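Contents: one structure, followed by commentary.
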Amino acid sequence: MSRLYGKGIVQSLWLVFRHFVESYRVDLRDFFTHKSKTGKVAFRSSTDTKGLFTIEYPEVCTLKPEEFRFLPFLVYDFDEVGKQKQRCTACGTCARICPVQCIWIERAKDPETGKPVPAPASFTLDSDLCMNCGLCAEYCPFDAIQMDHDYELAARTRKGYLLDLKHLSKPAAYYQAVRPRQYARRVAAREEKAEAQNPPA
Amino acid sequence: MKTVETVFQAFPAVQPDQRPGYAGFLVPAENLVDVVTALKSDAGYNYLTCVTGVDYLSDQKMEVVYHLRRLSGGAPLELKVQVDRADTRVPSLTPLFPGADLQEREAYDLLGIRFDGHPNLKRILTWEGFNGHPLRKDWREAFYEQDAKPYKSRWPEGKYQKAEARNPFGDNVSYPLDFDPARHGDVEKELRQDFAQPVNTASEISGEHLVVNLGPQHPSTHGVFRMVAELDSETVVKLEPVIGYLHRNHEKICERNTWLQNMPYTDRLDYLSSLSNNYAYALAVEKLAGITPTERANYIRVIMAELTRISSHLIAVGFLMNDLGVYFTASLYGLEERELILDVFEAVTGSRMMCNYLRFGGVARDLPEGTMGMIYRLAFERLPRKLDDFEKYLLENEIVKVRCQGVGVLTPQQAIAYSASGPVLRASGVGFDLRKAEPYGVYGRFDFDVPVTSHGDTYDRLVIRMREIRESVRIIQQAIKSLPNGPVMNGKPTINTKVPPGESYGTVEGPKGELGFYLVSNGSANPWRYHVRPPTFINLTSLGEMSKDVKIADLVVILGGIDINLGEVDR
């Protein structure tokens, strides 16, 4: 048994003390430079961070990178008369790829002929089951299902986690706001494809 | 050292496996022990990696699959024993390889294969009184819907229905016919029967040995894990790990899934190193389907896997301090660096822990703008600086030394015999690392060392982890410098991966040891067999050996030194 002289304790406490002082030094500097809340959070999650690295959550949130994914949502556009038009064609790709099988899609039928039309009659997503893997958004051929950034989704009952078409639908402008780079990329790809199909005269 | 072929000349009954897509040798059950003994002594196959079984329902055959390794490197040797499905009896390999202990128990529990000569053949992941063996293909779970996903009820007539509504009994527990829950009620009594309670005559004060349960609800067991320890006052005489509290039959779930659907499930094995798990599974499927990932994807995979190793080791080191009684200070210093790594994961993959980033033939998406800078600053500036601090304050700390040195010693011979892998094996002086021994991906192109220490105690495991972080940083630095441009996906992404019939065993050197996936395909959209070789589950085999004659206060330190992860142990 080697002898203990308490050097380790003193050394470690000195480290903790330095860390403690550093936290206040950073806070004071931010106070005098009137740094914005987002600026503070950005500093805390940068490689230069010093001192305390936690943030006070409900007041400030960490910055969400574009790729961040939470529950899926369905994208709709507006047609010429300003009516909502779902991008979803009920092709079933997302329901087939979903690893936990938490998506239920009912394909719409033409009321007169009874033939299936490319639109969902109902779209149910059990967010209790969803594991936020993002495969549905990744493989959707129409860019109709996307992963959301909103993670504060408390509900009072279990039914509250059963999301239907009404809860899931969000406008394309929201999609653009949440994932600007991806949106631009997809739009460019679609235009390129359309151009390849009917080249301008 | 003889070659495998010369060893097999003495056994004419051993035949190469000639089914298309299969490799290895078919060994008759009665020859198995002799064949393995000869391979071990004459051909240098002294490390048993993986034991599992496959249920070939249509042939009415049960196949037991063994993977043996040479520690000098190279691909594993595969041995298969085919037995009748109705009466599955195979000789146990535990006398030759004690490391087969828990794996054979798992195969017995999940597939109903009886290993003759196993000292303690009882259920391990499910409970006593569980009805049937769940990985048999004719076994169905309580909320059974269909043999394979995607389920037909989801599309195009997808009417929402709760899974519970499908079970006519409203109950998901069934018992075997001869099982009486009332009779088997006193589990503790049964447990005590396994543990002898001799009167201690050696010590001055004679007394009975005491059986103490540490866990499953114990803060230092890192999850729901139980150690049954037989104590002579404060000294541990015998110890047995009891697991399965978090069991969800990952393998059965994944046999119902399609190939791609399994990718997010692998994240949930060892949830602290999801990208390594992704990597091992992607390698196994790529081997089977003959897909080659693109050059850039290979480099991104290496960067991500090494960042995962760093974050996992930081947790291991930090929480070992927690187990020592430093409480949370040291863990939080580790978590701080890990937090920055998780920020990289979040920016690249979209999630901090459940990354689901690798695809067959590449990765899901290229590195977004700005993330390369984050990785660069971490690898070249922040991590090397912080590692100096860690080494100064933790490794040279006298209290850490006193508590960890000489605790939980595993000799090199024991470590090999118990099939230990990863830092546990290397701390015992065996320099075996799959990145060097059987280089996968582009690891052959990087210059790095495999740290080895010789004492085999908990302190050495700590040292190994710190040094491995340094080597990982070195690899990341090289990978950043040589990262090529180009596509990150080979071909067009598709949801229907075409996998020809056959088998494959894909392994990576995960942060905690050798993580392997043994897959069998019959050509359909779902794997026929999906087996995980979980490193920490197998490292637990040696826990009993490490804990002999230590004080009970050191048990949590030893457990922290192995660095188990219950998501992976219990699966």
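The values are calculated or read from the model by the stated rules, or taken from the named source; none is laboratory data. Just so you know, these numbers come straight off a predicted model, no measurement behind them. Ideal geometry is used to build each Cβ from the backbone, glycine not excepted, and the neighbour counts take in all protein chains shown.
Entry remark, the range B:330-373: residues being crowded, with 20+ Cβ neighbours inside 10 Å and under 30 Å from A:S12 (Cα atoms) number 10 in total.
So which of B:G21, B:G74 ends up being at pLDDT below 90, part of a loop (DSSP other than H, G, I, E, B) and under 29 Å from B:A415 (Cα atoms)? Step through it out loud before you land on a result.
Values: B:G21 fails: under 29 Å from B:A415 (Cα atoms).
Answer to the check: B:G74.
Of the set (1) among the small types (G, A, S); (2) loosely packed, with under 15 Cβ neighbours inside 10 Å; (3) under 28 Å from B:I341 (Cα atoms), all apply to A:G82 but (3).
Taking the range B:333-421 as the region of interest, the helices (runs of 4 or more DSSP H) fully inside it that hold 1 or more residues being among the polar types (S, T, N, Q), farther than 24 Å from A:V41 by Cα and more than 9 Å from chain A (Cβ to nearest Cβ) are B:412-417. Of the helices (runs of 4 or more DSSP H) lying entirely inside the range B:509-571, not one carries at least 3 residues that are at pLDDT 90 or above, out of contact with any helix residue (DSSP H, G or I) (no Cβ under 7 Å at 6 or more places or on another chain) and β-branched (V, I, T). Selection of the range B:141-157 for residues being part of a loop (DSSP other than H, G, I, E, B) and out of contact with any Pro (no Cβ under 9 Å at 6 or more places or on another chain) yields B:A142, B:F143, B:Y144, B:E145, B:Q146, B:D147, B:A148, B:P150, B:Y151, B:W155.
Take the residues in the range B:152-166 that are touching a Lys or Arg at 6+ places or on another chain (Cβ under 9 Å) and surrounded by 14 or more Cβ atoms within 10 Å (Cβ to Cβ); name whichever of them is farthest from the other protein chains (Cβ to nearest Cβ). Don't jump to the end; show me each part of the working.
If we filter the range B:152-166 for residues that are touching a Lys or Arg at 6+ places or on another chain (Cβ under 9 Å), which is where we start, we get B:153-158.
Within this subset, residues satisfying the condition of being surrounded by 14 or more Cβ atoms within 10 Å (Cβ to Cβ) are B:153-156, B:158.
Details: B:S153: 8, B:R154: 4, B:W155: 4, B:P156: 4, B:G158: 3 Å.
Once the filter is applied, the top-ranked residue is B:S153.
Being touching a Gly at 6+ places or on another chain (Cβ under 6 Å) and under 16 Å from B:D570 (Cα atoms) is a description that does not apply to B:L135.
Using beta carbons and a limit of 6 Å, which pairs, at least six apart or on different chains, have the first residue in the range B:460-480 and farther than 18 Å from B:G422 by Cβ and the second one of a type in the set (D, E, K, R)? Note: pairs meeting the criteria are B:I476/B:E306. Within the range A:43-72, the residues that satisfy the criterion of being out of contact with any His (no Cβ under 6 Å at 6 or more places or on another chain) and under 28 Å from A:E138 (Cβ atoms) are A:S45, A:C61, A:T62, A:L63, A:P65, A:E66, A:E67, A:R69, A:F70, A:L71, A:P72.
So, in the range A:126-148, of the ones that are more than 9 Å from chain B (Cβ to nearest Cβ) and among the aliphatic types (A, V, I, L, M), which residue ends up surrounded by the fewest Cβ atoms within 10 Å (Cβ to Cβ)? Please lay out each step first, then the result.
Quick first cut of the range A:126-148, residues more than 9 Å from chain B (Cβ to nearest Cβ) only: A:127-128, A:130, A:136-137, A:140-146, A:148.
Within this subset, residues satisfying the condition of being among the aliphatic types (A, V, I, L, M) are A:137, A:144-145.
Working: A:A137: 21, A:A144: 25, A:I145: 23.
The residue in question is A:A137.
Only helices (runs of 4 or more DSSP H) whose full extent lies in the range A:1-112 are considered here, and the ones with at least 3 residues that are modelled with pLDDT under 85 and away from every other protein chain (no Cβ under 14 Å) are A:7-32, A:37-44.
Yes or no, residue by residue, for (1) among the hydrophobic types (A, V, I, L, M, F, W, C); (2) under 18 Å from the mean Cα position of the chain (by Cα):
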| site | (1), (2) |
| --- | --- |
| A:K166 | no, no |
| A:S169 | no, yes |
| A:Y174 | no, yes |
| A:A177 | yes, yes |
| A:P180 | no, yes |
| A:R190 | no, no |
| A:A196 | yes, no |
| A:P199 | no, no |
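Output the residues belonging to the range B:475-508 that are of a type in the set (S, T, Y), at pLDDT 90 or above and closer than 24 Å to A:P99 by Cβ.
First, the residues of the range B:475-508 that are of a type in the set (S, T, Y): B:482, B:494, B:497, B:504-505, B:507.
So of that shortlist, the ones also at pLDDT 90 or above come out as B:482, B:504-505, B:507.
Those that are of a type in the set (S, T, Y), at pLDDT 90 or above and closer than 24 Å to A:P99 by Cβ: B:S504, B:Y505, B:T507.
A single entry from B:A379, B:A415, B:A420 fulfils the requirement of being farther than 17 Å from B:I562 by Cα, buried (at least 22 other Cβ atoms within 10 Å of the Cβ) and touching a helix residue (DSSP H, G or I) at 6+ places or on another chain (Cβ under 9 Å): B:A379. Does B:Y505 count as closer than 30 Å to B:V64 by Cβ and out of contact with any Asp or Glu (no Cβ under 6 Å at 6 or more places or on another chain)? So B:Y505 passes the test. For residues in the range A:77-116 being in contact with a Pro (Cβ under 7 Å, 6 or more places away or on another chain) and among the hydroxyl-bearing types (S, T, Y), which is farthest from A:A172 (Cα to Cα)? By that ranking, first place goes to A:T93. Among the residues of the range B:256-271, the ones that are surrounded by fewer than 22 Cβ atoms within 10 Å (Cβ to Cβ) and under 15 Å from B:E346 (Cα atoms) come to 1 in all. The set of residues in the range B:439-466 being touching a Ser or Thr at 6+ places or on another chain (Cβ under 7 Å) and in a loop (DSSP other than H, G, I, E, B) consists of B:G456 alone.
Every test in (1) more than 29 Å from B:P439 (Cβ to Cβ); (2) within 27 Å of the chain's Cα centre (by Cα) is passed by B:E396 save one, and that test is (2). Only residues that are within 14 Å of chain B (Cβ to nearest Cβ) and of a type in the set (D, E) were counted in the range A:151-165, giving 1.
Would you check which residues across the range B:28-81 are closer than 25 Å to B:D138 by Cβ and among the hydrophobic types (A, V, I, L, M, F, W, C) and list them? Break it down stepwise before answering.
Step one: filter the range B:28-81 for residues closer than 25 Å to B:D138 by Cβ, giving B:29, B:50-66, B:80-81.
Within the range B:28-81, B:A29, B:C50, B:V51, B:V54, B:L57, B:M62, B:V64, B:V65, B:V81 qualify.
Residue by residue through the range B:34-65, note down the ones that are part of a strand (DSSP E or B) and either among the hydroxyl-bearing types (S, T, Y) or free of Cβ contacts under 8 Å to residues at least 24 places away in the same chain (or both). Hits for the range B:34-65 are B:Y47, B:T49, B:T52, B:Y56, B:E63.
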